[in-house]
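A.B. asks: First the structure, then my questions, so here it is.
Read-outs: derived from the displayed coordinates by stated rules, not from any lab. All values reported here derive from a predicted model rather than from experimental measurement. For neighbour counting, all protein chains shown are included, and Cβ atoms are generated from backbone atoms with ideal geometry for every residue, glycine included.
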Amino acid sequence: MARVVVLGAGISGHTAALHLRRRLAKEHEVVVVTPNSKWNWIPSNIWVGVGNMRTDQVTFPLAPVYRRKGIVFHQALATELHPEGSPDLAAPHVTVRYTDPRREGEVAQLTYDYLINATGPKLNFAATPGLGPDANTVSVCTPQHAVHASEELAKVIATLRQGVRQRLVVGVGHGTCTCEGAAFEYAFNVEHELRTAGVRDLAEVVYLTNEYELGDFGVGGMVFHQGGEETTSKYWTESLFRERDVRAIVQAHVEKVEPGVIHYEQLDGSRNTLTFDFAMLLPPFRGVDLTAFDAQGRDITSEMFAPNGFMKVDANYASPVYEDWSAADWPSTYESPRYPNVFGVGIAFAPPHQISTPRTSPNGTLITPAPPRTGMPSGVMGKTVALTIVDRITTGTATAARRASMADMGAACVASAGTGLRRGTAASMTMYPVVPDYARFPGSGRSDKDTFGEIGLAGHWTKYMLHVLFMYKAMARPGWHLIPE
Amino acid sequence: MDHANDDIARALMPSAHTLRERQNLLFQFWRFLALNLRFVTMIFKGEH
């Protein structure tokens, strides 16, 4: 009998757990440890954040699904990894602290044969003073945050209805944030709501981002070939900003947020302020607070994890110089170089470098998006690692790991720009590969045929369809495994 | 200071025809099929 412990039940961890359970014989145990009691389809949180969806439409309780599928569920927070065991317990294990109300605060040790670290990000609001729903801005990172954002937005719309001008700022709250796509979506959904409410003329909408230019999205932008012409995601995105009258501030690192005032630095070194009546700024991410120890109890956290808290896997972390970076640096097996039975997937793995060109201000501030590794790539990584573990358990040998590098993986991104079955719109993009490979695709680093963008109602239908399909898949309803990651 | 808003001011403004096309139910149904065919094709590329 083998036991596989999955830390985290986001897109990556939940996908891995379901595939493991489906492929492994019942004698083997699949265990999920996550501090949350509910699964959340995060891409739809933006719709909760403008009041167009309820939280129960983007979440469901995990316990009944895991009970039905035969997956052991611990609602707990992983705090320590002991991949070599410890002086007290010889088997590799993880220490967890329960968040389950019935066992709140209780500490336990769970042994494992294989471990998947899919813990996702720690929302690092603390990196920017004054950032976050407990301070001066709102967020849509969790369903609760999104509900709060929706309530604050409703207050602003009520003020606008009284004829008072308002400035709404949407974007990212630090120079190293990721998920610019989500900020972009929320900006245009807010703009759509303002128009629907009939108060658009009194509102100024500002998109504040760490991207070097619009359309970067943390992937260095895209080149599209449409109608026999070449265009870029920059021109394409700027056109949408012009059409919808949204202002933009790019190359920005938010230094601090005071009530009603954002202080930010730009790549040219200038320091500026922006007043606001409503601000949704996404936080930067870091790895969750996991510490690791060897068999003697020595702290090996810095050997297993990068300084930002993300787990080191089979990537090439040795190239500090941008000019030396290549697609081959990106991991493909997600195996820990130190422990082949430990894997890091989704946001939890440490990327070897940015995808967008890194840039630093004259003051030494890094202002560059971190690489996105959410959504589709995250699910693919989860499934790939699950299949590697299944291979190893069923054959009883250390078979070669399956591979799925972001440098050989495509991604579809549908960025909502407003809801409504007849009035909705979205910017739909595909790119292949996610990480540009300039050796395979000279020029843009991506396939001309498979990288494209389109704006329209069809994108909204597609995003809504993805919402329905992925909720269905995550609930492990009949045929769930036929829906691709 | 950046030049984002100067660039936005110079960006191509979609024509009335393009804007109508983006919301036209029949045309968008066709685009929905084409878009999803493209997504499915792309999903099955690569190693997974």
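A.B. asks: Let me know the mean shielding of B:20-31 by other chains, meaning the per-residue number of their Cβ atoms within 10 Å of its Cβ.
C.D. replies: Mean partner shielding for this stretch: 4.
A.B. asks: Which semi-axes, in whole Å and largest first, does the equivalent ellipsoid of the stretch A:195-349 have when worked out from the alpha carbon gyration tensor as the square roots of 5 times its eigenvalues?
C.D. replies: Semi-axis lengths for the stretch A:195-349 are 38, 23, 15 Å.
A.B. asks: With a point put 7 Å past each Cα toward its Cβ, work out how far A:Arg440 is from A:Ser319 in nm, to one decimal.
C.D. replies: 1.5
A.B. asks: Under 9 Å from the Cβ of A:Arg3, count the other residues' Cβ atoms, weight Lys and Arg +1, Asp and Glu -1, and hand me the total.
C.D. replies: In short, -2.
A.B. asks: Next question, about the same structure. Report the normalised scattering of chain A as log10 I(q)/I(0) at q = 0.09 Å⁻¹, calculated by the Debye formula with identical scatterers on the alpha carbons.
C.D. replies: Here the Debye-derived log intensity ratios amount to -0.60.
A.B. asks: If you don't mind, there's one more thing I want to ask. Would you please name the chymotrypsin sites (Phe, Trp or Tyr not before Pro) within chain B that are DSSP coil residues with at most 10 other C-beta atoms within 10 Å of their C-beta?
C.D. replies: Here the chymotrypsin sites (Phe, Trp or Tyr not before Pro) that fit, given the DSSP loop and packing criteria, are B:Phe44.
A.B. asks: Kindly provide the helix-only [θ] at 222 nm of chain A, computed as the sum of -39,500 (n - 2.57) over DSSP H runs of four or more divided by all residues, to the nearest 500 deg cm²/dmol? Don't skip to the answer; put the middle values down first.
C.D. replies: Values: 9 runs with 116 residues, N = 485.
Value at 222 nm, helices only, nearest 500: -7500 deg cm²/dmol.
A.B. asks: Could you state the angle between the C-alpha long axis of helix A:180-196 and the longest principal axis of the C-alpha atoms of chain A, as a value from 0 to 90 degrees rounded to the nearest 10?
C.D. replies: 40
A.B. asks: Give me the log10 of I(q) over I(0) for chain B at q = 0.20, 0.31 Å⁻¹, as the Debye formula computes it from C-alpha points; what are the numbers?
C.D. replies: -0.77, -1.05
A.B. asks: Could I ask something else about it? Based on alpha-carbon positions alone, could you give the equivalent ellipsoid semi-axes of the stretch A:1-146 from the gyration tensor, as √(5λ), descending, whole Å?
C.D. replies: Semi-axes, largest first: 30, 20, 12 Å.
A.B. asks: Over the whole of A:446-458, what's the average partner chain Cβ count within 10 Å per residue? Rounded to a whole number, please.
C.D. replies: Details: counts 0, 2, 0, 4, 5, 1, 3, 0, 5, 4, 11, 10, 12.
That average works out to 4.
A.B. asks: Determine by what factor the alpha-carbon radius of gyration of the stretch A:132-285 differs from 2.2 N^0.38 Å, reporting the quotient.
C.D. replies: Computed over Cα atoms of the stretch A:132-285, the ratio equals 1.04.
A.B. asks: When the gyration tensor of the stretch A:72-214 is built from Cα positions, what are the square roots of 5 times its three eigenvalues, in whole Å, from largest to smallest?
C.D. replies: 43, 17, 12
A.B. asks: Other chains near A:234-242: what is the mean number of their Cβ atoms within 10 Å of each residue's Cβ?
C.D. replies: Mean partner shielding for this stretch: 5.
A.B. asks: Any chance you could get the radius of gyration and Dmax over the Cα atoms of the stretch A:149-239, in Å?
C.D. replies: So, for the stretch A:149-239, Rg and Dmax equal 15.5, 49 Å respectively.
A.B. asks: Here is a follow-up. Net charge within 12 Å of B:Thr18 by Cβ-Cβ distance, Lys/Arg positive one each and Asp/Glu negative one each, not counting B:Thr18 itself?
C.D. replies: Net charge around B:Thr18: -1.
A.B. asks: On a 0 to 90 degree scale, rounded to 10, what angle separates helix A:11-23 from the longest Cα axis of chain A?
C.D. replies: 40
A.B. asks: Among the listed pairs A:Lys26/A:Lys69; A:Lys473/B:Lys45; A:Lys38/A:Lys312; A:Lys38/A:Lys473, which are separated by more than 19 Å between their Cα atoms?
C.D. replies: Where the Cα-Cα span goes over 19 Å, the pairs concerned are A:Lys473/B:Lys45; A:Lys38/A:Lys312.
A.B. asks: Which value results for Rg/Rh of the stretch A:354-396 when Rg is the Cα radius of gyration and Rh the Kirkwood radius based on the inverse mean 1/r?
C.D. replies: Ratio of gyration radius to Kirkwood radius: 1.35.
A.B. asks: Among all stretches of chain A without exposed trypsin sites (Lys or Arg not before Pro) (DSSP loop, at most 15 other Cβ atoms within 10 Å), which one is longest?
C.D. replies: By the stated rule (loop sites, at most 15 other Cβ atoms within 10 Å), A:166-297.
A.B. asks: Here's another thing I want to ask about it. I'd like the Karplus ³J(HN,Hα) series for the stretch A:450-457: coefficients 6.51, -1.76, 1.60, θ = phi - 60°, whole numbers in Hz, and an x wherever there's a Gly or Pro.
C.D. replies: Residue by residue, the stretch A:450-457 yields 9, 10, 8, x, 8, 10, x, 4 Hz.
A.B. asks: What FRET efficiency comes out for A:Gln109 versus A:Gln226 if R0 is 41 angstrom and r is the Cβ-Cβ distance? Round to the nearest 0.05.
C.D. replies: E(calc), rounded to 0.05, equals 0.15.
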